[in-house]
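Engineer: Next up is a structure, given as structure tokens.
Rule-based calculations on the coordinates, nothing more; no lab input. Please read all numbers here as calculations on a predicted model, not as lab measurements. Every residue, glycine as well, gets a Cβ built from its backbone with ideal geometry; the counts of neighbours run over all protein chains shown.
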Amino acid sequence: MDLLIESTSAAHFSGRCPSTTTSSSSLLSPTDDGPVGPTQPFVIGVSGGTASGKTSVCDMIIQQLQDHRVVLVYQDSFYRGLTEEELKRVHEYNFDHPDAFDIEELVECISKLKSGQSVHVPVYDFKTHQRSSEKYMQVNASEVIILEGILVFHEQRVRDMMNMKIFVDTDADVRLARRIRRDTVDRGRDVQSVLQQYSKFVKPAFDDFILPTKKYADIIIPRGKENVVAVDLIVQHIRTKLGQHNLCKLYPNLIVIQSTYQIRGMHTLIRDKNVSKHDFVFYSDRLIRLVVEHGLGHLPFTEKQVITPTGSIYTGVDFCKKLCGVSVIRSGESMENALRACCKGIKIGKILIHREGDETQLIYGKLPKDISERHVLLLDPVLGTGNSASQAIECLIRNGVPESHIIFLNLISAPEGIHRVCKRFPYLKIVTSEIEVGLNEEFRVIPGLGEFGDRYFGTDQ
């Protein structure tokens with residue numbers, strides 16, 4: 001088996017510590033009430049010769065990750081629009097020379113993204129060799145930024161902003177064949193002009209400007225997208241960068257389910273103030289089911305062997321038998337159906353807490369008599385200040401439930417609530433699907449879901 005990744009240093013991967021928060025987050029530190037400053041996004045540069053497969057490699061990475069926290073920026077978007085004089089002699093223009101790009105605008109764009117700002121990326125038309133005056137592409141600040149282009153390693157200011165540099169290395173004959181196919185089919189050029197441009201500009205520019213930047217690469221991928229093993233390793237590395245929110249690093253008992261476009265899409269729908277009640281309930285139920293299933297995965301298990309229909313032995317696990325749910329009235333009751341669907345005949349207790357502003361009071365509790373012997377799934381869709389959650393958890397502990405036997409399930413969690421609950425109860429687990437920006441002056445979670453119980457049960461105004 002041949003080695004599919006070459007490295008220019010002893011380690012395959014290099015870069016600063018992973019970034020896992022956007023700059024808009026007003027997170028609180030675990031030791032004080034001051035805000036934690038935003039962490040830097042992880043910037044990946046992908047370079048290589050023309051038609052080497054850079055875009056295909058990037059597309060494979062994006063498709064495998066399926067994560068909204070990754071954005072892709074193309075250096076091709078920053079081509080300078082040609083002047084009238086240059087357009088008259090377009091076949092004499094070297095599009096592979098560093099001067100063909102607006103490096104200043106590219107530097108400004110990546111700098112803004114790294115500082116947490118959204119940017120407007122130009123739209124370049126390869127048939128007219130001009131930028132669109134009416135269209136642009138908005139790119140939002142993200143935790144991983146992939147910058148792809150033939151000369152992204154040429155400018156030191158751009159290189160210095162990168163945490164990882166990947167060079168896609170493909171045979172020159174393969175690149176030429178791809179270039180001919182691309183320029184004739186996608187860009188409306190004839191074969192003769194493509195070959196003339198390649199021999200006069202493309203190949204010399206590759207030798208003079210692109211190939212020398214290969215030495216800056218941390219990772220070299222031979223054969224482009226065909227090198228599936230190399231792409232998989234890079235994807236796994238990016239996942240480690242995205243896998244944990246900063247708060248998960250502070251609190252090992254905090255679990256955030258991995259975000260996908262499906263999960264992000266459902267959050268988008270239920271957060272829309274104009275969504276219909278039917279859709280709000282439908283997509284909330286889907287998210288709740290995911291959180292419940294994920295929470296059940298953190299229960300203790302025992303090994304079990306069974307005989308399959310083929311007469312073979314299968315070694316698996318047995319479900320936790322002593323289990324119950326407890327919903328915080330009333331929004332927590334929206335999570336009961338999902339729990340019942342997953343756990344046949346499960347007992348469910350109730351806790352009622354009156355909340356006014358930041359103050360809470362335990363009003364009512366009805367729990368199974370043997371709750372002290374059970375693992376408890378505490379149900380409440382929103383973790384805000386953490387006061388109601390703390391009251392409910394204290395109620396369970398007073399009734400004999402060990403703290404380590406409590407798993408708190410919710411859809412969204414505010415950092416303030418996470419700090420309060422995790423510091424006070426370090427042995428329970430919190431399972432959530434998204435961590436919010438914070439609380440406003442009225443102690444409401446933002447961006448939030450509004451009054452979840454009212455929206456779910458149809459009693460909102």
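Engineer: Order these by the 10 Å Cβ neighbour count, fewest first: HIS154, HIS129.
Structural biologist: Fewest-to-most ranking of HIS154, HIS129: HIS129, HIS154.
Engineer: A further question on this structure: Between the range 123-159 and the range 341-404, what is the separation of their alpha carbon centroids in Å?
Structural biologist: Taking the Cα centre of the range 341-404 as reference, the centre of the range 123-159 is 51 Å away.
Engineer: Which number do you get for Rg(Cα) / (2.2 N^0.38 Å) in the chain?
Structural biologist: Scaled against compact globular proteins, the figure is 1.20.
Engineer: Please figure out what share of the DSSP beta bridges in the chain is antiparallel and state it in percent, rounded to the nearest 5.
Structural biologist: On the way: 25 of 69 bridges.
Restricted to the chain, the bridges split so that about 35 percent are antiparallel.
Engineer: Explain nothing, just compute: Karplus ³J(HN,Hα) = 6.51 cos²θ - 1.76 cosθ + 1.60, θ = phi - 60°, for every residue of the range 430-440 in order, whole Hz, x for Gly and Pro.
Structural biologist: 10, 10, 9, 9, 7, 9, 7, 6, x, 10, 8
Engineer: Based on the alpha-carbon gyration tensor of the range 226-335 and its eigenvalue square roots a ≥ b ≥ c, which shape applies: rounded if a/c is under 1.5, prolate if not and a/b is larger than b/c, or oblate? Write out the running numbers ahead of the final one.
Structural biologist: Working: a/c = 1.73, a/b = 1.14, b/c = 1.52.
Oblate shape, in that a/c is at least 1.5 and b/c is the bigger or equal ratio.
Engineer: Using helices alone, what [θ] at 222 nm do you get for the chain, with -39,500 (n - 2.57) per DSSP H run of 4 or more residues, divided over all residues and rounded to the nearest 500?
Structural biologist: -9000 deg cm²/dmol
Engineer: Can you list which of the trypsin sites (Lys or Arg not before Pro) found in the range 98-203 are DSSP loop residues with at most 12 other C-beta atoms within 10 Å?
Structural biologist: Those satisfying the criteria are LYS127, ARG187.
Engineer: Over the range 6-242, what is the percentage of antiparallel beta bridges among all DSSP beta bridges, to the nearest 5? Intermediate results must be reported in sequence, preceding the final value.
Structural biologist: Working: 10 of 29 bridges.
Expressed as a percentage, antiparallel bridges in the range 6-242 total about 35.
Engineer: Given H placed 1.01 Å from N in the peptide plane, which residues other than close sequence neighbours of GLY45 have an amide H under 5 Å from its amide H?
Structural biologist: LEU147, ASN163, MET164, LYS165, ILE166
Engineer: Taking the alpha carbon gyration tensor of the range 6-242, what are the square roots of 5 times its eigenvalues, largest first, to the nearest whole Å?
Structural biologist: Value: 33, 22, 15 Å, ordered largest first.
Engineer: Hey, can you grab everything whose amide H is under 5 Å from the amide H of LEU72? Only 5+ residues off in sequence or another chain; H modelled, so Pro and N-termini drop out.
Structural biologist: Placed amide hydrogens put ILE146 under 5 Å from LEU72.
Engineer: Could I ask something else about it? Is there a quick way to get the dipole size of the chain? I mean about its Cα centre, with the Cβ of Lys and Arg at +1 and of Asp and Glu at -1; what is the value in debye to the nearest 20? Mind dumping the intermediate values first?
Structural biologist: Details: 55 positive and 58 negative charges, 260 e Å.
Its charge dipole is roughly 1240 debye.
Engineer: In addition: Could you state the angle between the C-alpha long axis of helix 415-424 and the longest principal axis of the C-alpha atoms of the chain, as a value from 0 to 90 degrees rounded to the nearest 10?
Structural biologist: 50
Engineer: Right, here's the next one. At a 10 Å Cβ-Cβ cut-off, how would you order SER77, SER132, SER331, fewest neighbours first?
Structural biologist: Taking fewest neighbouring Cβ atoms as first place, the list is SER132, SER77, SER331.
Engineer: Using θ = phi - 60° and the Karplus relation 6.51 cos²θ - 1.76 cosθ + 1.60, list the HN-Hα couplings for the range 401-408 in order, rounded to whole Hz, with x at every Gly or Pro.
Structural biologist: Coupling constants for the range 401-408: 7, x, 4, 6, 9, 10, 10, 8 Hz.
Engineer: Another one. In the chain, if the dipole is taken from +1 on Lys/Arg beta carbons and -1 on Asp/Glu beta carbons about the Cα centre, which of LEU65, VAL376, VAL445 is farthest to the positive end?
Structural biologist: Value computed over the given set: VAL376.
Engineer: Another question about this same structure. Which ³J(HN,Hα) values in Hz, rounded to whole numbers, follow from the phi angles of the range 259-271 under the Karplus curve 6.51 cos²θ - 1.76 cosθ + 1.60, where θ = phi - 60° and Gly and Pro get x?
Structural biologist: 6, 10, 5, 5, 5, 4, x, 5, 5, 4, 5, 6, 7
Engineer: Treating only the Cβ atoms of Lys and Arg (+1) and Asp and Glu (-1) as charged, compute the dipole magnitude of the range 246-457 about its Cα centre; round to the nearest 20 debye.
Structural biologist: Here the range 246-457 has a charge dipole of around 560 debye.
Engineer: Would you mind checking the tilt of helix 387-398 against the longest principal axis of the Cα atoms of the chain, expressed as 0 to 90 degrees and rounded to 10?
Structural biologist: Once rounded, the angle reads 50 degrees.
Engineer: If you don't mind, another one. May I ask which of LYS347/LYS369; LYS112/LYS273; LYS54/LYS225 have a Cα-Cα span longer than 19 Å here?
Structural biologist: Numbers: LYS347/LYS369 10 Å; LYS112/LYS273 30 Å; LYS54/LYS225 8 Å.
The pairs that break the limit, which is 19 Å between Cα atoms, are LYS112/LYS273.
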